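The values are calculated or read from the model by the stated rules, or taken from the named source; none is laboratory data. All figures in this text were calculated on a predicted structure; none of them were measured in a lab. All Cβ positions, even for glycine, are placed from backbone atoms using ideal geometry, and neighbour counts span all protein chains on display. SASA here: full protein model, heavy atoms, side chains in, ligands and nucleic acids out. Shrake-Rupley method; radii C 1.70, N 1.55, O 1.52, S 1.80 Å.
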Amino acid sequence: MVEILHKRVSELGFKDKLEIICEDALKAQFPQFDLVVANIPYGISSPLVTKLVYGANPFRSLTLLLQKEFARRLLANPGDSEYNRLAVNVKLVAEVEFVMDVSKRDFLPCPKVDSSVVIIRPKAQIPHVNLDEWRAFTRTCFTNKNKTLAAMFKQKKKIIELFRLSKMKDSPNKYGVTNSNCEFVDDDEGEESDKEGFDPCSDSEMELSSYKKKIIEVLKAHGFEAKRPSKLSNEELLNLLALLNRAGVYFHG
């Protein structure tokens, strides 16, 4: 297809007006761009949208043809059954507009799924928050979006992860690495890797219990204990993250 495209633009005299980059879109470093208009592979929709929206390149808009179900998730609001971490993260920094549905019968050969067109535009102003920590925080909250926050933060594995991050905040560990270099895999993304030095037993039960109590007290004091991530707006999630940070609870470097 690349060869055919080169041939066609050369025949039409537009060779100097088109640059074709034949690489993996998830791995390639994008050149500067202002607009994106794309029918992207549906299997990489989530990571590619995240890369475009959170990339360093400022843009005016992304017009994307997506699988219909994926587009509905991207457009979902708090309380909707499709509401998810992706919608939360994208809507923190951008506005998503539905344009139109596209039937699978409009394609030849006919695919198995219907599609939708959406336009994503960056917000003029975004909240003052560490975006790496925000994404780590939402990953924690949406491990099981229908659990109450109290149930979520009472899980021992999660308490151990957060306790370690808080201990490493602004101070290198014995391997000379700060917490900004440490990644923990959430429950919805598989088991934690057996990293050298990650030994839950090294932390005393008393320390962990005290740390868990501190988190639960924040949830109780501000009315978040019985709330579920699937019902919370970005404003509420930002408020909760700020409250936890003030209590010494961190999710990333």
Worksheet item: Consider V93 against the criteria (1) among the hydrophobic types (A, V, I, L, M, F, W, C); (2) touching a Lys or Arg at 6+ places or on another chain (Cβ under 7 Å); (3) without any contact (Cβ under 8 Å) to a residue 40 or more places away in the chain: it satisfies all of them except one. Which criterion is unmet?
Response: (3)
Worksheet item: What tally of residues in the stretch 13-42 results from selecting those that are open to solvent by 80 Å² or more (accessible area, probe 1.4 Å) and either in contact with a Leu (Cβ under 7 Å, 6 or more places away or on another chain) or part of a helix (DSSP H, G or I) (or both)?
Response: 4
Item to complete: State all residues of the stretch 221-238 that are open to solvent by 70 Å² or more (accessible area, probe 1.4 Å) and farther than 18 Å from N146 by Cα; if no residue qualifies, say none.
Response: A221, H222, E235
Worksheet item: Could you give every pair whose Cβ atoms fall below 8 Å, whose first residue belongs to the stretch 222-244 and is in a loop (DSSP other than H, G, I, E, B), and whose second residue is exposed (fewer than 14 other Cβ atoms within 10 Å of the Cβ), counting only separations of at least 6 or pairs across chains?
Response: R228/N146
Discussion item. Whether any residue in the stretch 75-86 is free of Cβ contacts under 8 Å to residues at least 40 places away in the same chain and acidic (D, E) is what I want to check.
Written reply: yes
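Given I126, I120, which one is in contact with a helix residue (DSSP H, G or I) (Cβ under 8 Å, 6 or more places away or on another chain) and open to solvent by 50 Å² or more (accessible area, probe 1.4 Å)?
Answer to the selection: I126.
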Item to complete: Among the helices (runs of 4 or more DSSP H) lying completely within the stretch 67-157, list those that include at least 1 residues that are touching a His at 6+ places or on another chain (Cβ under 9 Å) and of a type in the set (D, E).
Response: 131-141
Fill in: Residue satisfying condition, being small (G, A, S), under 17 Å from the mean Cα position of the chain (by Cα) and modelled with pLDDT under 95, within set G190, G176
G190
Worksheet item: Going through the stretch 1-47 one residue at a time, which ones are within 22 Å of I119 (Cα to Cα), β-branched (V, I, T) and without any contact (Cβ under 8 Å) to a residue 24 or more places away in the chain?
Response: I44
Worksheet item: Limited to the stretch 108-117, what total is found for residues that are surrounded by 13 or more Cβ atoms within 10 Å (Cβ to Cβ) and free of Cβ contacts under 8 Å to residues at least 12 places away in the same chain?
Response: 1
Worksheet item: Within the stretch 142-157, can one find any residue that is buried (at least 17 other Cβ atoms within 10 Å of the Cβ), of a type in the set (S, T, Y) and within 23 Å of V96 (Cβ to Cβ)?
Response: no
